[in-house]
Structure formats: structure tokens, C-alpha cells
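Input: a single structure, listed below in C-alpha cells.
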Amino acid sequence: MSTQAAFALKASLRKSMLKTLKGMSDGEVEKQSQAVFRILLDQPFFKEAKSIGCYLSMKHGELRTNGIVDHVLKRGSTLYTPFIPPPPSRSPEAQPSSSSQDMKMLRLYSSSDLDKCPLDKWGILDPGETRNDMEREMREDAMNRSSPPLDLILIPGVAFDEECNRLGRGKAYYDRFLLSYTSNRPSPLLVALALSPQILERGEKVPTTEHDFRLDGVVSPEGIVWRNSKSD
């Protein structure tokens, strides 16, 4: 399949799946989010992870991570959450730079830090680059040499298949972050969190290109799907 054809199929699947997710009630999303949280709590890979990356969820149409984030902070594990820097102001003649908006993983320190985060335009908690629980203290970046290695990243997405391929929102933020992070560190365990409709029917595939990373596993209310059908 050509790259152009793959991008066209991705766009089509993304559009249809986002429409499906938009139609889910908040009550159903919350019910499924709690089910995934309960599954995670029983998993050794989650219980034993000392340093975790986890997204802060949108208000609608996405598996909610509120309980997961609160649990990780309260148990004392190191938690990093995605941060996308705002686009720099530039003159009309300046060329846009993709690296200026590459995703970072910045540390979230405490429940107090989390509680003081404002909402961004998508209704997602936005920790920003400085701590909310300590004045003028910059957040630790997971890319820093002094930062502990990430054991696990809990990843969002739009659709997933039985081979642990992922369809994202088309910005390639995670692809670029993981490519950079793993250039000089071991790859963390990559596990996606999914609502039931996001798992494609058996035999259906997420269209991919050579630049797409593959997950190690996907957790949904129905359980865990592991790449190559094994959890090691």
C-alpha cells in the first residue's frame, strides 16, 4: 500500500470513529473508564512501574484517566504527562518548524499540583511548564539525562486493531516523541487505553506506514490484547 493510500484510509477511519465516539454518552464513557482502571490495578506491569507517562483525558469521547492519574500520584510513582508547547509567534515570512511543537513529557508532582491545573481549549487539564504547587519551579522533562527512565506509557488513540496497531489524531506527536526518546534510552512498555468501540473487529486492520510505532498492548473494558498474544 502506498503512503498516500494509507493516509487516505487513515483519514476515513478517523472520521468515522470520532463520529462514533462523539455519540457515546458521558455515563457510558465513565463506566468503561472505570472498568479499564480496575483491569490496570490488577496488572503487574502497572503495579510495578516506578515511572509512568499518562495522558490527561479530554472531557468527552475519550477514555478518562482521572482515576489512573490520581492513583499514580498518591502511590508515589513518578508521573509524566504530555505537553505541547504553544506555537511561537513569528513573522509572516518565517517558515513553521515542526520541532517547535514536538510533544514533551513533563512531570506532574502531586494532587495539589494537578488540582490547580487550568483547562485548555479542548477541555483538557493543562499543567503548563511550571509547577502549580511550587512557585517558579520548572517541571522535570522526561528527556532530561537526570530523569528516571520511563517504565510505562499509557497512550490514547482513535482506533486500534488486534495486532496492536494504533490510529492517532494525525499529528504524529507520539511517533516523534518515541523516536527521539528511544534514540538513547530503552523503549518503555507502550500500552494504549481504549473504549470498546475503538477496538476494530477481528480481521480489520488499522492502516499504517513505516513511521508508525506499534504498541505492546491495548487495554479495553473487555480485557488486554497483547502484541504477538503474550504479555512479556
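The values are calculated or read from the model by the stated rules, or taken from the named source; none is laboratory data. Being a predicted model, the structure only gives us computed values, none of them experimental. Cβ sites come from the backbone with ideal geometry, for glycine too, and all protein chains shown count toward neighbours. Remember, those area values only see protein heavy atoms, side chains included, never the ligands or the DNA or RNA. Shrake-Rupley method; radii C 1.70, N 1.55, O 1.52, S 1.80 Å.
Among 17, 198, 144, flag the residue with its Cα farthest along the positive direction of the charge dipole of the chain, charges on Cβ as +1 for Lys/Arg and -1 for Asp/Glu.
17
Rounded to the nearest percent, how much of the accessible area of region 98-216 (1.4 Å probe, protein heavy atoms only) is carbon and sulfur?
Details: 2930 of 6220 Å².
Reported share for carbon and sulfur atoms: 47 percent.
How much net charge surrounds residue 189 when only the other residues with a Cβ under 9 Å from the Cβ of residue 189 are counted, with Lys and Arg +1 and Asp and Glu -1? Walk me through the intermediate numbers first.
Working: positive: none; negative: 151, 216.
My count for the surroundings of residue 189 gives -2.
When the C-alpha atoms of the chain are aligned to their principal axes, what extent does each axis show, in angstrom, from largest down?
Between the extreme Cα coordinates on each principal axis of the chain lie 52, 51, 37 Å.
Nearest 20 debye, what's the magnitude of the dipole of region 1-152 about its Cα centre given +1 on Lys and Arg Cβ and -1 on Asp and Glu Cβ? Before the final figure, lay out the partial values.
Values: 22 positive and 20 negative charges, 91 e Å.
Dipole magnitude for region 1-152 comes out near 440 debye.
In nm², what is the average projected area of the convex hull enclosing the Cα atoms of region 148-232?
Projected area, direction-averaged: 5.9 nm².
Peptides 164-177, 139-152: what's the order by average Cβ count within 10 Å, highest mean first?
Working: 164-177: 17.8, 139-152: 15.6.
Taking the mean over residues of other Cβ atoms within 10 Å, the ranking is 164-177, 139-152.
Keeping all protein chains in place, calculate the accessible area per residue for the chain (probe 1.4 angstrom), answer in Å².
On the way: 12840 Å² over 232 residues.
For the chain, the per-residue accessible area is 55 Å².
What is the distance in Å between the Cα centres of region 1-52 and region 100-117?
A separation of 21 Å, based on Cα centres.
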